[in-house]
Amino acid sequence: MRENGKPRTLFEKVWNAHTVREQSNDSPAVLYIDLHLVHEVTSPQAFSMLRERGLAVRRPDQTIGTMDHSTPTTPRNEQGIIPVADVMAAKQLDVFSKNCKDFGIPMYALGDEHQGIVHVIGPEKGLTQPGMTIVCGDSHTSTHGAFGALAFGIGTSEVGHVLATQTLLQNKPKTMAVNVEGRLGDGVTAKDIILAIIAKIGIGGGTGYVFEYRGEAIRSLSMEGRMTVCNMSIEGGARAGMVAPDDTTFEYIQGRKHAPSGADWDGAVARWRQLPTDDGAEFDREITIRADELTPMITYGTNPGMGMPVTAAVPKPEDETDVNKKIALDKALTYMDLAPGQQLLGKAIDVVFIGSCTNSRISDLRLAADFVNGRKVAENVRMMVVPGSQQVKQQAESEGLDEIFRQAGAEWREAGCSMCIAMNGDQLQPGQYAVSTSNRNFEGRQGKGGRTFLASPLTAAASAIAGVVTDPRTMISSSF
Amino acid sequence: MEKLSHIQGSIVSIPVNDIDTDQIIPARFLKVTDKAGLGKAAFCDWRYMEDGETPNPEFILNNPDYEGASVLVAGDNFGCGSSREHAPWALMGAGFKAVVSTDFADIFRNNALKNGLLPVVVDVDTQQQLFSLAEEDPSTSVSVDVAAQTLTLPDGRAVRFPLDGFSKYCLLNGVDQMGYLLALDEEIQKFESNNQQRVVTMA
Ligand code: SF4
């Protein structure tokens, strides 16, 4: 797939294959979109745009909807329905149902056996495939890049553009190779890789770039681990993150509902094998981190770049030479009510949240369940486990994970975004501390006045048991 | 979209880096199905006290001296976080026509331009100068010329800012990009017939 003999990156191959019109001095490129995911929160105004102009959805057969952000995760009633108590959320969900119905878009409604977080269901259904362009009115669309797709979040106006034309106006981003060399140690996970990368480059460090994650540690990750890494590309400022497809990718896809089958499968795999970056292809920027030097990570501040090894001490503003950074750190520590130089290990917490499109897949739940199995959540802690989709929930229940969580004293919920975004009643109270497997620790993100420590499912589970921020490695038996 | 060629207005500054979209408009306000009325939710958790109603007297947007400011000057990396277009809707609802920073998160910048909210990228020195001007004199006003891509400070110094030709054309002429893409129907059809469909969601 070299063009004119010039080696190309994975990104360039996907970009070039989807260019309807090249970028020029006068206008951005027009990019064709293979798959458009829609949800209730960022779409209503886009559908209104279409209605105002009397437009149809160009490719409802390349569009799919799910309800996730504003949906409650509380238990079903006797009729098997999940009641929506919030009047505004209920209206938003109704409007979404009507829009999907009127425009002919297939959609998974709240409580449907296939409903779930938009970035969990795409891969789960085999809709997410290598070499595709995928967009959604949600910044964590970067998740799908784990399959070697070019996937990124868009705003509501752009949702309207894609609904009406299946294309987008885009300026070509730059590329950054993010090499993760070596192997992860015990108790260190995909989440720790991405938290370490963001801590290194800062939350604006990837602005204008598409990341390609490379190296031994990335190759050794499962698809779910790769999704966790790609998911948080946006927290590093990059709109998209990609991993070259390989046998791990193909194995994951094969047999899923929308995956190619029979002869189509062989053809697809042959095409996908052409996608990885050619030897000698150039990236605009390159960074390298060593996986074997990583430890479990945790954030201490109010953006995902304020992260550190869980064993480290909170940095001191006086050590910061950059004035703006010093102010930011001061402000963050005030909000978090933490002292400069303080250890987070041993810090009492109130809530542990296992969920979100970063860490709510079956492997995340297995990891956490393994850890809490036969143990009890500390008395001071409320532990919530929220599967990413109804399918994940069913799978977990068939493995008895729900029972393990309940026995340990954790709550087992319906699928959705839940406390990641706190739009749906699942939220922190002012002043509470949470160890959360989600992706954002901004002020008030998990509830007004709430304080978030982002970490891996392992660190979260260990902290739930101990009742304080804990290094999971100290609780892992040697057999682990 | 309305045409935007000039902005003349007073400035207000929030000298905080990395202002994310959860601060610009907290997620609990995203349960709306239209764009109207989001101005009152802009910076809600900074603007109001715990009860969510009493204005926080410490927060700059509640200072009557800065009432009516239409240019927001912010710290580095403005608009990071979520893709919510509610962020520019809320800022515009609160009366802002331009935001000045040293850089903007990609999705925020795209969203802002599509709504006629102008992201103005300046160097650190200009940013700092604007911070101090706003603090010293709340009536400080600047003017922005979209065609010339300049921000003119009260001392007459004009600072040039980047703006891609296409966005500029759209702003100056009030063109929205949907119309542009709809006009490409033939090219899009050609692309579709030359390329195999990847997935069928209805299957
Ligand atoms: S889980 Fe959180 S980050 Fe993911 S889509 Fe939902 S709200 Fe967004």
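The values are calculated or read from the model by the stated rules, or taken from the named source; none is laboratory data. Since we're looking at a predicted model, the values are computed, not measured. Backbone-built Cβ (ideal geometry, glycine too); neighbour counts: all protein chains shown.
Give the residues of the range B:1-25 that are among the aliphatic types (A, V, I, L, M) and either assigned to a loop (DSSP other than H, G, I, E, B) or more than 16 Å from B:D76 (Cα to Cα) (or both), sorted by residue number.
Across the range B:1-25, the qualifying residues are B:M1, B:L4, B:I7, B:I11, B:V16, B:I19, B:I25.
Looking only at the range A:75-108, how many residues end up being buried (at least 17 other Cβ atoms within 10 Å of the Cβ) and part of a loop (DSSP other than H, G, I, E, B)?
Final tally of qualifying residues: 4.
If a residue must be outside any strand (DSSP E or B), within 14 Å of chain B (Cβ to nearest Cβ) and either surrounded by fewer than 23 Cβ atoms within 10 Å (Cβ to Cβ) or modelled with pLDDT under 95 (or both), how many such residues does the range A:167-198 contain?
Residues in the range A:167-198 being outside any strand (DSSP E or B), within 14 Å of chain B (Cβ to nearest Cβ) and either surrounded by fewer than 23 Cβ atoms within 10 Å (Cβ to Cβ) or modelled with pLDDT under 95 (or both): 3 in total.
So which residues in the range A:137-156 are at the interface with chain B (Cβ under 9 Å from one of its Cβ atoms), outside any helix (DSSP H, G or I) and under 13 Å from A:N231 (Cα atoms)?
A:D138, A:F152, A:G153
Would you mind telling me which numbered condition in (1) out of contact with any strand residue (DSSP E or B) (no Cβ under 8 Å at 6 or more places or on another chain); (2) at pLDDT 95 or above; (3) within 16 Å of the ligand (Cβ to nearest atom) A:M384 fails?
With respect to (1) out of contact with any strand residue (DSSP E or B) (no Cβ under 8 Å at 6 or more places or on another chain); (2) at pLDDT 95 or above; (3) within 16 Å of the ligand (Cβ to nearest atom), A:M384 is out only on (1).
Quickly run through the range B:20-41 and pick out the residues that are within 30 Å of B:N173 (Cβ to Cβ) and hydrophobic (A, V, I, L, M, F, W, C).
Across the range B:20-41, the qualifying residues are B:I24, B:I25, B:V32, B:A36, B:L38.
Does A:E124 satisfy being away from the ligand (no atom under 16 Å from the Cβ), modelled with pLDDT of 95 or more and among the charged types (D, E, K, R)?
no
Does A:M88 satisfy being of a type in the set (A, V, I, L, M) and modelled with pLDDT of 95 or more?
no
Do the conditions hold for A:L401, that is, is it over 22 Å from A:G305 (Cβ atoms) and touching a Pro at 6+ places or on another chain (Cβ under 7 Å)?
For A:L401, the condition - over 22 Å from A:G305 (Cβ atoms) and touching a Pro at 6+ places or on another chain (Cβ under 7 Å) - is not met.
Condition check ((1) more than 16 Å from the ligand (Cβ to nearest atom); (2) at pLDDT below 95; (3) of a type in the set (F, W, Y)) across all residues:
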site	(1), (2), (3)
A:R2	yes, yes, no
A:P7	yes, no, no
A:E12	yes, no, no
A:H18	yes, no, no
A:P28	yes, no, no
A:Y32	yes, no, yes
A:Q45	yes, no, no
A:M67	no, no, no
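Within the range A:340-361, how many residues are in a loop (DSSP other than H, G, I, E, B), away from the ligand (no atom under 16 Å from the Cβ) and hydrophobic (A, V, I, L, M, F, W, C)?
Residues flagged as in a loop (DSSP other than H, G, I, E, B), away from the ligand (no atom under 16 Å from the Cβ) and hydrophobic (A, V, I, L, M, F, W, C) within the range A:340-361 amount to 3.
Among the residues of the range B:75-103, write down those that are within 11 Å of chain A (Cβ to nearest Cβ) and outside any loop (DSSP other than H, G, I, E, B).
B:F78, B:C80, B:H86, B:A87, B:P88, B:W89, B:S101
Mind checking which helices (runs of 4 or more DSSP H) fall wholly inside the range A:200-276 and carry at least 1 residues that are modelled with pLDDT of 95 or more and touching a Pro at 6+ places or on another chain (Cβ under 7 Å)?
A:223-231, A:247-253, A:262-272
Taking the range B:12-48, which residues are more than 10 Å from chain A (Cβ to nearest Cβ) and among the β-branched types (V, I, T)?
Within the range B:12-48, B:V12, B:I14, B:I24, B:I25 qualify.
Counting only residues that are assigned to a loop (DSSP other than H, G, I, E, B) and either within 13 Å of the ligand (Cβ to nearest atom) or facing chain B (nearest Cβ under 10 Å) (or both), how many does the range A:426-451 have?
The total comes to 16.
Please enumerate the residues belonging to the range B:49-74 that are within 14 Å of another protein chain (Cβ to nearest Cβ), in contact with a helix residue (DSSP H, G or I) (Cβ under 8 Å, 6 or more places away or on another chain) and more than 26 Å from B:H6 (Cα to Cα).
If the condition is that a residue be within 14 Å of another protein chain (Cβ to nearest Cβ), in contact with a helix residue (DSSP H, G or I) (Cβ under 8 Å, 6 or more places away or on another chain) and more than 26 Å from B:H6 (Cα to Cα), then B:G52, B:N56, B:F59 are the ones that fit.
Across the range A:4-22, what is the number of residues that are more than 8 Å from chain B (Cβ to nearest Cβ) and more than 28 Å from A:H119 (Cβ to Cβ)?
Counting residues in the range A:4-22 that are more than 8 Å from chain B (Cβ to nearest Cβ) and more than 28 Å from A:H119 (Cβ to Cβ) gives 5.
Looking at A:Q45, A:Q79, A:Q62, A:Q115 in this structure, which one is in contact with a Leu (Cβ under 7 Å, 6 or more places away or on another chain) and not aliphatic (A, V, I, L, M)?
The unique qualifying residue is A:Q62.
Tell me whether the range A:232-254 contains one or more residues that are over 24 Å from B:R198 (Cα atoms) and more than 11 Å from every other protein chain (Cβ to nearest Cβ).
yes
Does B:A134 meet the test of being hydrophobic (A, V, I, L, M, F, W, C) and more than 26 Å from B:C170 (Cα to Cα)?
When the stated conditions are applied, B:A134 passes them.
Answer yes or no: is there a residue in the range A:395-418 that is within 16 Å of the ligand (Cβ to nearest atom), out of contact with any Lys or Arg (no Cβ under 6 Å at 6 or more places or on another chain) and of a type in the set (V, I, T).
No.
For the range B:170-189, what are the residues that are modelled with pLDDT of 95 or more and within 8 Å of chain A (Cβ to nearest Cβ)?
Within the range B:170-189, B:L181, B:L182, B:L184, B:D185, B:E187, B:I188 meet the criteria.
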